[in-house]
């Protein structure tokens, strides 16, 4: 299995036992993920597992989704996500529950989430533009400035950085260090910040580009 569904609890700091360095970490609670469906190359063209997270009352789930979950031996969950299977997942079954032990021996992970929505913002907050001066008769302090391109080509090029919707988009933090795992509480401690607000849903995946080493501690 390449990953799990979790919830961002917040941030804290821990001390490295060897160097004594303060390490800022994000706390992700995965608890238990339920396997709701297994997809096979013969039937679906690829091998994957559909996981469910955060059990809810059946009344809060649509009937088509609830029927799908019960058909495969799962329970009603608020979040559903599909993850690719690995060669070692041949014995995985529908209805099985997975926890943080999935990340034993993993050092680097990718965390996918939806960034905090900040509404409609200007270019200073959105793109860190520099503000205009306050002196010498300048009346444009926080405005972006000219966007025109003269008579030729007489248009504004697509992708020009301007004011607009800031945040509330899917974002991925890649190659973060997995500092520690708390199996009893179902927690992952990941070094650095991850996208999304507190209690936001995130998807934690094994990083496939960095060389994985055995996790210490």
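Rule-based calculations on the coordinates, nothing more; no lab input. All figures in this text were calculated on a predicted structure; none of them were measured in a lab. Note that we place each Cβ from the backbone using ideal geometry, even for glycine, and neighbour counts take in every protein chain shown.
In the chain, the calculated helix contribution to ellipticity at 222 nm averages -2000 deg cm²/dmol per residue, counting -39,500 (n - 2.57) for every DSSP H run with n ≥ 4. Exposure proxy shown here: for 206, 93, 59, 174, the number of other Cβ atoms within 10 Å sets the order, fewest to most, as 59, 93, 174, 206. Mean sequence separation of contacting Cα pairs (under 8 Å, at least six apart), scaled by the length of the chain, corresponds to a relative contact order of 29 percent. Hey, how much of the P(r) for segment 118-166 falls beyond 16 Å, as a percent of Cα pairs? Roughly 51 percent, once rounded to a whole number. Compute the relative contact order of segment 32-98 as a whole-number percentage, counting only Cα pairs closer than 8 Å that sit 6 or more residues apart in sequence. About 43 percent, as a whole number. Working note: Cα atoms of segment 32-98, range along each principal axis, descending, whole Å: 36, 23, 16. Using every pair of distinct Cα positions in the chain, the Kirkwood expression returns a hydrodynamic radius of 20.5 angstrom.
Hey, in the GNM for the chain with a 10 angstrom Cα cutoff, which one of 154, 163, 47 fluctuates hardest? Comparing 154, 163, 47 in the GNM, the peak value goes to 154.
When the chain is treated as a GNM with alpha-carbon contacts under 10 Å, the residue of 11, 162, 69 showing the greatest mean-square fluctuation is 162. Kirkwood analysis of segment 68-128, using all unique Cα-Cα pairs, places the hydrodynamic radius at 16.2 Å. The average projected area of segment 91-210, computed from the convex hull of its Cα atoms over all directions, is 13.5 nm².
Seen from all directions on average, segment 16-58 presents a Cα convex hull projection of 6.2 nm². What residue among 94, 146, 115 shows peak mean-square fluctuation when the chain is described by a Gaussian network model with Cα springs under 10 Å? Comparing 94, 146, 115 in the GNM, the peak value goes to 146.
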